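Notes to accompany the following structure.
The values are calculated or read from the model by the stated rules, or taken from the named source; none is laboratory data. Quick caveat: nothing in here was measured; it's all calculated off a predicted structure. Positions of Cβ are backbone-derived with ideal geometry, glycine not excepted, and every protein chain shown enters the neighbour counts.
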Amino acid sequence: MQKIHSDKAPAAIGPYSQAYRAGDFVFTSGQIGIVPETGRPAGEDVAAQAEQAIANLREVLASAGTDFSRVVKTTCFLADMADFKAFNAVYEKHFVSKPARSCFAVKELPMGLRCEIEVVAYLGE
């Protein structure tokens, strides 16, 4: 196993790693809409936060030597299912390969944010 870290994504806000490579797979921790340079939310709405969470994931995946085209599974967490349509509008622009996905409403997310996304990417051939 290999720990994956990107200085271009927010540091973990708890006792965990941004991602791990295990064999031919990369498993990311959930990324939220925090701007790495400021440590603050990218905006108030789910669209701005989803764009930033995806940008953060892009950097973590790049550190692992891969990108969104290799993502096979995503898990998405929303603080409010009323944000589902707006979240999907952002999501579909970036996950064009349409990986398998689960999307859950949760009671609350870190820092009062509206969404969090984690992915599994395949590195094999």
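Here is how the numbers come out for the structure above:
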| read-out | value |
| --- | --- |
| Test result for S102, part of a loop (DSSP other than H, G, I, E, B) and either of a type outside the set (A, V, I, L, M, F, W, C) or farther than 26 Å from I13 by Cβ (or both) | no |
| Subset tally (residues that are surrounded by fewer than 17 Cβ atoms within 10 Å (Cβ to Cβ) and part of a strand (DSSP E or B)) for the range 56-95 | 3 |
| Residue identified as surrounded by 14 or more Cβ atoms within 10 Å (Cβ to Cβ), among the small types (G, A, S) and at pLDDT 95 or above among A42, A105 | A42 |
| Selection status of D24, surrounded by 17 or more Cβ atoms within 10 Å (Cβ to Cβ), among the acidic types (D, E) and at pLDDT 95 or above | no |
| Failed item in (1) more than 15 Å from E116 (Cβ to Cβ); (2) of a type outside the set (D, E); (3) at pLDDT below 95, with A12 passing the rest | (1) |
| Residue, farthest from the chain's Cα centre (by Cα), within the range 70-116, restricted to residues that are closer than 15 Å to T28 by Cβ and polar (S, T, N, Q) | S102 |
| Residue in the range 30-37 that is surrounded by fewer than 18 Cβ atoms within 10 Å (Cβ to Cβ), modelled with pLDDT of 95 or more and under 24 Å from E125 (Cβ atoms) present | no |
| Residue check for E125: of a type outside the set (S, T, Y), touching a helix residue (DSSP H, G or I) at 6+ places or on another chain (Cβ under 8 Å) and under 23 Å from Y20 (Cα atoms) | no |
| In the range 66-104, the residues that are closer than 14 Å to I54 by Cα, charged (D, E, K, R) and in contact with a Leu (Cβ under 9 Å, 6 or more places away or on another chain) | D67 |
| Long-range neighbours under 6 Å by Cβ, at least six apart or interchain, first residue touching a residue at least 60 places away in the same chain (Cβ under 8 Å) and more than 20 Å from R58 (Cβ to Cβ) within the range 85-108, second of a type outside the set (D, E) and surrounded by fewer than 10 Cβ atoms within 10 Å (Cβ to Cβ) | none |
| Subset of the range 30-55 that is among the aliphatic types (A, V, I, L, M) and assigned to a helix (DSSP H, G or I) - its residue that is farthest from F84 (Cα to Cα) | A55 |
